Structure formats: structure tokens, C-alpha cells
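**Q** Take this structure, written in C-alpha cells, and hold onto it; I'll ask about it next.
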Amino acid sequence: MAEDIKARIVFDTSGLGAIGAAVGTPASSGGSTGGSGGGMVGSLMGGLTKMALPIMAIKDIASAIMKGISFIAESSNMLKSVMGGIMKMLKLILKPIGDIFAIVLMPVLSIMRMVGLFFQVIMRPYIRKAMALVAVGNAQMGAGNITEGLEAFDLAATFMFTGFA
């Protein structure tokens, strides 16, 4: 007759309390009430932490299974070579899918390159003037004029964001 084996799995949820505390939900409240000062965000995060518990459980169980398989694979050279062959076959199966993604993304790359070159041409005069202002700021800081140097840096930043100096 088979014996009944009882096991208790306890998942580490200590990180969830920190998430709730960051948005105003106390860790002991369960997250559904929102906590002090949390309002809608605290209530939402509390609900999300409750929904994350099953996902964390699945992740922990999968991690334990993978650790067991890797332990067995380390002890058996034959299993290690079979797993290597399986991984090689998976790579061969997934290679065409990756190639399709690469073909689809190639026009995006060329468009991004054209946009980048356009902005580089447009921004070149602004960058040159801002770099000259930074050089003035560095010279002022080197001479011991901290206030003038910081003003030059501020002017350079203002010029880069607004175009006006």
C-alpha cells in the first residue's frame, strides 16, 4: 500500500511587502484596502501583488525542477550529451523564426538610421555651440571661478533644450 506523503511549500514573498510599502500599501493589509495615503495606486498595487503570488509560485517550482535536472545532467555524461543535442535541435528549429524577425526588422533599422542622420545634421550647430559653452565652463572652473563655470554649464544646457542662449 502506498504511503501518503505530505509536503508544505512556503514561497518567499518578502519582496512584495517592499513594493506595497513604496506605494503606500502596508504589507500586512493584504493590499486590497489601499493603505494610508496609497489611494488608487496603493489599491492597484495590492491587487497586483495578490495576482503575482501564483506566478511567483510557478517560477519557484520551475526553478526547483530546473535545478534538479541540472544536478542530474551534471552527474550523467550521456544525459548531458543528449540535452546538448536537444538544445542544438531547438536552435535549428528556432533559427528560421529568428531570420524572419530579422528580415521584418531590417527596414526599421534603415528608417531609424535615416532619422538618426537627419537629427544629427539638424542638431550639429546646436551641439557645437553647446560644446563651446561647456569648454568655457571648464576653463572658468579650472581658473577657480566656480559661479561663472556653473553659469556656462547652465547656459549650455539651456541652449541644448531650447535653442536660445
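The values are calculated or read from the model by the stated rules, or taken from the named source; none is laboratory data. Fair warning: this is a prediction, and the values are worked out from it, not measured in the lab. So basically every Cβ, Gly included, is an ideal-geometry build from the backbone, and we count neighbours across all protein chains shown.
**Q** Return the residues of region 115-153 that are touching a residue at least 24 places away in the same chain (Cβ under 8 Å) and hydroxyl-bearing (Ser, Thr, Tyr); say none if nothing qualifies.
**A** Scanning region 115-153 gives a single hit, Tyr126.
**Q** Among the numbered criteria (1) in a helix (DSSP H, G or I); (2) exposed (fewer than 10 other Cβ atoms within 10 Å of the Cβ), which single criterion is violated by Gly144?
**A** The one condition Gly144 does not meet is (1).
**Q** Can you name the condition, by its number, that Tyr126 falls short on among (1) of a type outside the set (S, T, N, Q); (2) in contact with a Gly (Cβ under 7 Å, 6 or more places away or on another chain); (3) surrounded by 17 or more Cβ atoms within 10 Å (Cβ to Cβ)?
**A** It is condition (3) that Tyr126 fails.
**Q** Name, by its number, the condition in (1) in a helix (DSSP H, G or I); (2) modelled with pLDDT of 60 or more; (3) surrounded by 10 or more Cβ atoms within 10 Å (Cβ to Cβ) that does not hold for Phe11.
**A** Condition not satisfied by Phe11: (1).
**Q** Here's a follow-up. So, in region 46-81, of the ones that are under 13 Å from Ile9 (Cβ atoms) and at pLDDT below 85, which residue ends up surrounded by the fewest Cβ atoms within 10 Å (Cβ to Cβ)?
**A** So, considering only residues that are under 13 Å from Ile9 (Cβ atoms) and at pLDDT below 85, the one surrounded by the fewest Cβ atoms within 10 Å (Cβ to Cβ) is Pro54.
**Q** Output the residues belonging to region 81-139 that are among the hydroxyl-bearing types (Ser, Thr, Tyr) and in contact with a helix residue (DSSP H, G or I) (Cβ under 8 Å, 6 or more places away or on another chain).
**A** Across region 81-139, the qualifying residue is only Tyr126.
**Q** Residue check: is Pro96 assigned to a helix (DSSP H, G or I) and surrounded by 10 or more Cβ atoms within 10 Å (Cβ to Cβ)?
**A** Values: assigned to a helix (DSSP H, G or I): yes; surrounded by 10 or more Cβ atoms within 10 Å (Cβ to Cβ): no.
It is false that Pro96 is assigned to a helix (DSSP H, G or I) and surrounded by 10 or more Cβ atoms within 10 Å (Cβ to Cβ).
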